[in-house]
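Accompanying notes for the structure given below.
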Amino acid sequence: MTPTASAAAPLPPFEHSYAELPGHFYAEIPPTPVPEPYLLRLNHALIDELGLDADWLASSDGVAMLAGNRLPETAKPIAMAYAGHQFGNFVPSLGDGRAILLGEVVDRQGRRRDVQLKGAGRTPFSRSGDGRAVLGPVLREYILGEAMHGLGIPTTRALGMVATGEPVFRERPEPGAILTRVAASHIRVGTFEYFARRGNTDAVRTLADYLIQRHYPELAESDAPYADLLAAIAARQGELIARWLLVGFIHGVMNTDNMALSGETIDYGPCAFMDEYDPNQVYSSIDRFGRYAYGQQPSIGLWNLTQLANCLLPLLAADTEEDMEAAKTQARSALDAYGKAFEPAYYGGLRAKIGVMDDGTDTGADDELVTDLLGRMAQHRADFTNTFRLLADARPDDPATLEPVRAGFTDPAAFDTWAAQWRERLTRQREPDAERQARMRALSPAYIPRNHRVQEVIDAATERGDLAPLERLLAVVSRPYDDHPEQAEYRQPPQEHEVVHQTFCGT
Ligand code: AMP
Ligand code: MG
């Protein structure tokens, strides 16, 4: 089957700045139609942001687009080329094996956003894959993207999802689904690696220029645009990864093809928010050596950026008319921007999460205070999210308010020792409790999409076609800093039998 003749749609026309790049940057490929598509959910807030027509998207023509069965005439479906380091091993050709970009839409705020169908059928990059996506992972990506957005962290988001009416064969037959992904762009570290490995410096330059124009326009006039680009990308990644850590997020597959150069979180595969604080926590069934464990993420971020730096070396050398050694020195100093962004974002964020204000002097002692808390949390299996949120609700002088926090430690006395120091420290600050508490609550969510809750949504949808649990979970995680007293059960960590130890790639 090929998609039926294109249709006029009450949509703004798709634009194609990426598809205007040279032809070897992508492959033109229409989605493969599916037999019986039906709408699972639309993201009305995002539809509104993009200025799209929700009624049309919900109509049979709209669903036909979201399923890849019939595209508006302004769509130009392409699969993007990229390479990538997967678990450290270089793969020279990956590319969109199951995702098809329809084009770009300029949203109400003037931001250019990619609209892509994930699970839309085979492409020239599919290798042995079927080009399809399974309902479970599609639900996970939808939920985690909305949660991340609710937390205020840059992320791709789902515009909607449709069921395909067709089984997808994995370990067993699973219901197929397609997610419509909206992203600032889909350019990855791996996109540069694709051209760099082929020795195509012109293409690397074209891509770098495009990236500057699209995401870093302030660098257009720079004297050293490519070194500055590397530094700017590194700074955004440093900040992003700090923010993941501050909410207990584990990406799970930080391969270079899953690192978007826009600075958005992308590719929610075997990812999760952790329950008990454990820096070594891994959820991915394919990450046998813990390469992408929670606490490894900062160093992996830099490792990935080093791969990007290698791709840019020829541009840096040409820029300065210097040799490779000088280019490497330049690259190394650009990469310093990563730590310079990460360190203050992470440690500053942690200090703010325990409510201490920087008075410009003794942040070293405050860093020790918060590191001490984390050590005790890890040792005594305290829940990451609840510890910080309950701490925000506590008043150090009122033992009754400290009780819920200490009860979360296997040895509550370990918390008491810390709380005495915390109390001492806050006394110096002379700030009304209510003000400190409001600041702390704005940084430490009450709600994360806990893994057992995500699993509950997936099971209900997959086994019974029941989407009610999805709605309930989305309602709390999309406003995670608010108290939702009637939904308090979503704050509960999993019971022993509910713990999900691994999530699967779902490819
Ligand atoms: P991921 O692990 O999801 O980041 O995907 C890694 C690579 O495998 C990318 O090139 C994907 O496009 C490709 N891929 C993943 N799943 C499939 C599938 N079901 N069919 C074809 N290609 C796939
Ligand atoms: Mg990927």
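The values are calculated or read from the model by the stated rules, or taken from the named source; none is laboratory data. Everything quoted here is computed from the prediction, not taken from an experiment. Cβ: placed from backbone, ideal geometry, glycine included. Neighbour counts: every protein chain shown. Note: accessible area is taken over every heavy atom of the protein model, side chains too, but ligands, DNA and RNA are not part of it. Shrake-Rupley method; radii C 1.70, N 1.55, O 1.52, S 1.80 Å.
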Charge dipole (the chain, unit charges on Cβ, about Cα centre) - positive-most of GLN492, MET148, LEU179: LEU179
Two pseudo-spin positions, 7 Å from Cα along C-beta at ARG423 and at ARG172, lie apart in nanometres by 5.4
Any lysines with Cα under 18 Å of the LYS118 Cα? List them, leaving off those in the same chain fewer than 8 positions away. LYS76
Charge dipole magnitude, Cβ of K and R +1, D and E -1 - the range 199-352, Cα centre, debye nearest 20: 480
Cα-based Rg then Dmax for the range 199-352, in Å, read 16.4, 52
Long-range Cα-Cα pairs in the range 4-186 (distance over 30 Å), rounded percent: 13
Given the options HIS24, ALA227, GLY301, identify the residue whose Cα lies farthest towards the positive end of the charge dipole of the chain (+1 on Cβ of Lys, Arg; -1 on Cβ of Asp, Glu). HIS24
Using +1 at the C-beta of Lys and Arg and -1 at the C-beta of Asp and Glu, which of ALA413, TYR210, THR385 has the Cα lying farthest in the positive direction of the dipole of the chain? TYR210
Taking the solvent-accessible surface of protein heavy atoms with a 1.4 Å probe, what is the per residue accessible area of the chain in Å²? 40
Just flag the trypsin sites (Lys or Arg not before Pro) in the range 401-507 sitting in loop per DSSP whose Cβ has no more than 11 other Cβ atoms within 10 Å. ARG428, ARG430
Length released on extending from GLU368 to ARG464, taking residue separation times 0.36 nm less the Cα-Cα span: 29.6 nm
If I require 18 Å or longer along the helix axis, counting alpha carbons, and a Kyte-Doolittle average no lower than -0.5, what helices from the chain are left? Use full DSSP H segments. 135-150, 201-215, 225-246, 297-320, 363-379
Select from the range 204-291 those GluC sites (Glu not before Pro) which occupy a DSSP coil region and have at most 15 other Cβ atoms within 10 Å, ordered by residue number. GLU221
Would you mind computing, in nm to one decimal, how far apart the modelled labels at ARG479 and ASN280 are, each placed 7 Å from Cα along Cα→Cβ? 4.1
Dimensions in Å of the chain - Rg and Dmax from alpha carbons: 23.5, 71
How much space per residue, in cubic angstrom, does the convex hull of the C-alpha atoms of the range 372-420 take up? 60
Extension gain (nm, one decimal) between ALA58 and ARG439, 0.36 nm per residue minus Cα-Cα: 133.2 nm
With charges set only on the Cβ (+1 for Lys and Arg, -1 for Asp and Glu), what does the dipole of the range 4-186 come to about its Cα centre, in debye to the nearest 20? 480
Net dipole in debye of the range 361-500 [+1 Lys, Arg Cβ; -1 Asp, Glu Cβ; about Cα centre; nearest 20]: 220
Once neighbouring chains are kept in place and the probe is 1.4 Å, which whole percent of the accessible area of the chain is contributed by carbon and sulfur? 50
